[in-house]
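*Asks:* What follows is a structure written as structure tokens; I'll ask about it next.
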Amino acid sequence: MSKSEIIFRRLDDINLREPLRPGILVKKLCEKGSAQKLDVGYMWYETGTKGRKHYHDTEELQLVLYGTCAVNDIEDKDHILKAGETFLCPPGPSGTHGIRNTGDFPMCLIYIYPTQDYQTKYLE
């Protein structure tokens with residue numbers, strides 16, 4: 001019988017990374033050494049906070065856990081999402097996105113990358 005190698009963690013026990021911008025906090029749920037390939041994190045946006053528009057060289061899935069946000073795409077179109085909704089960004093410029101908290105309280109999402117070795121290109 002195999003030995004279990006499942007890793008269990010509590011969100012409260014995970015250290016915050018340096019803020020991406022004022023008002024945006026990140027906790028990495030999978031770090032190098034724990035997951036073989038996945039990169040998963042928890043992002044918290046204060047009310048009115050906006051992230052920089054960017055894209056990656058790999059696909060990315062995001063799930064809004066609570067709050068509402070606008071995801072601005074390469075065509076400068078806003079897509080409004082609320083808790084329980086996801087968006088999937090393909091790799092490259094066609095997956096360009098910027099996230100803005102549009103609600104009256106903090107917004108939180110989970111991001112998932114299929115790899116820990118990816119590049120981000122910021123457009124602003």
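No value in this document is a laboratory result; all are computed from the given coordinates. Since the model is a prediction, treat every value here as computed from it, not as a measurement. With ideal geometry, Cβ positions are generated from the backbone for all residues, glycine too; neighbour counts draw on all protein chains shown.
*Asks:* Once both labels are modelled 7 Å past Cα along the beta-carbon direction, what's the residue 61-residue 85 spacing in nm?
*Replies:* For the pair residue 61/residue 85, the computed spacing is 1.8 nm.
*Asks:* What are the aspartates and glutamates whose alpha-carbon lies under 18 Å from the alpha-carbon of residue 27, with same-chain residues fewer than 8 places away excluded?
*Replies:* 12, 13, 18, 39, 46, 60, 117
*Asks:* In the structure displayed, which of 37/77; 28/50; 32/77 lie more than 28 Å apart, Cα to Cα?
*Replies:* Details: 37/77 32 Å; 28/50 20 Å; 32/77 35 Å.
Among 37/77; 28/50; 32/77, the Cα-Cα distance tops 28 Å for 37/77; 32/77.
*Asks:* Do any GluC sites (Glu not before Pro) in the range 1-90 lie in a loop, going by DSSP, with at most 10 other beta-carbon atoms within 10 Å of their beta carbon, and if so which?
*Replies:* 5, 75
*Asks:* Against the globular-protein guess of 2.2 N^0.38 Å, express the Cα radius of gyration of the chain as a ratio, rounded to two decimals.
*Replies:* On the way: Rg = 15.0 Å, N = 124, 2.2 N^0.38 = 13.7 Å.
Relative to the rule-of-thumb radius for its length, the chain sits at 1.09.
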